[in-house]
Amino acid sequence: MFEVLPRTGLALPHRAGVLRFGMSGRAARWAVATLADVRDTWVCGTGWAFTARCEGLELLAYGDCPDRLGRTGHDRHGLAAVHLGRCGPEPAGPSAVPVVLHGVDLFGYPAAEVLEALGPGPHPGVSLPRPGPPTGYLPEVRLSIP
């Protein structure tokens, strides 16, 4: 089970640890590498980024993001964001592994039910895509420093 931890990061399954905002790219890679093959990738405006596929989900993590407006003290050192999405086309059923926020499996039920169960929030730093058809499932969740 993956657990979304607003303001903190993402708890990984199988006691692999927690991807905590601000942790180094090396530490984040190490934690994820205990679950899956980690591949470097590129994200505009970041110092590092990597992806990994685990149990039908794709994880993207990136960090060391300088402030684009050049403001002093607004750079984001270490892990800045994590995206966790379902592999393949538009999901039509539950995912093989739970992705939980406040006790609700985000990928285990149709999007309308998930959003109703979560309520209006706030869920600081957590972004869920707009739901598609009423029977559609959420394709991803994005976490960032609020």
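The values are calculated or read from the model by the stated rules, or taken from the named source; none is laboratory data. For clarity, every value in this text was computed on a predicted model and none was experimentally measured. Here the Cβ positions follow ideal geometry from the backbone for every residue, glycine too, while neighbour counts run over all protein chains shown. Accessible surface areas use protein heavy atoms only, side chains included; no ligands, DNA or RNA. Shrake-Rupley method; radii C 1.70, N 1.55, O 1.52, S 1.80 Å.
Would you work out the charge dipole size for the chain about its Cα centre, treating the Cβ of every Lys and Arg as +1 and the Cβ of every Asp and Glu as -1, and quote it to the nearest 20 debye?
Working: 13 positive and 13 negative charges, 89 e Å.
That gives a dipole near 420 debye.
Would you rank Asp37, Asp105 by solvent-accessible area, highest first, keeping every protein chain in place and using a 1.4 Å probe? Write down the numbers at each step before the final one.
On the way: Asp37 95, Asp105 35 Å².
Reading off the accessible areas and sorting them downward yields Asp37, Asp105.
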Looking at the chain, send over the antiparallel percent of its DSSP beta bridges, to the nearest 5.
95
Per residue, the convex hull enclosing the alpha carbons of region 5-71 has a volume in Å³ of 97
Can you give me the distance in nm between label points at Arg142 and Cys87, each placed 7 Å from the Cα along the Cα-to-Cβ direction?
2.3
Of the residues Leu12, Thr46, Ala96, the Cα lying farthest along the dipole of the chain towards its positive end, which is defined by charges on the beta carbon of Lys, Arg, Asp and Glu, belongs to Thr46
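Whats the longest run of the chain with zero trypsin sites (Lys or Arg not before Pro) that are DSSP loop and have at most 15 other Cβ atoms within 10 Å? If you can, show how the numbers build up before the last one.
Working: sites that count: Arg7, Arg15, Arg68, Arg71.
The segment 72-146 is the longest one with no such site.
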List, in order, the whole-Hz ³J(HN,Hα) value for each residue of region 26-31 obtained from phi through the Karplus relation with A = 6.51, B = -1.76, C = 1.60 and θ = phi - 60°; use x for Gly and Pro.
5, 5, 5, 4, 4, 4
In order through region 10-21: 3J(HN,Hα) via Karplus (6.51 cos²θ - 1.76 cosθ + 1.60), integer Hz, x for Gly, Pro
9, 7, 8, x, 6, 6, 7, x, 10, 7, 9, 4
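For the chain, report the accessible area per residue in Å² (1.4 Å probe, heavy atoms, rounded to an integer).
55
Taking a quarter of the surface of the convex hull around the Cα atoms of the chain, what do you get in nm²? Could the numbers behind the result be given before it?
Numbers: hull surface 35.0 nm².
Average of the hull's projected areas for the chain equals 8.7 nm².
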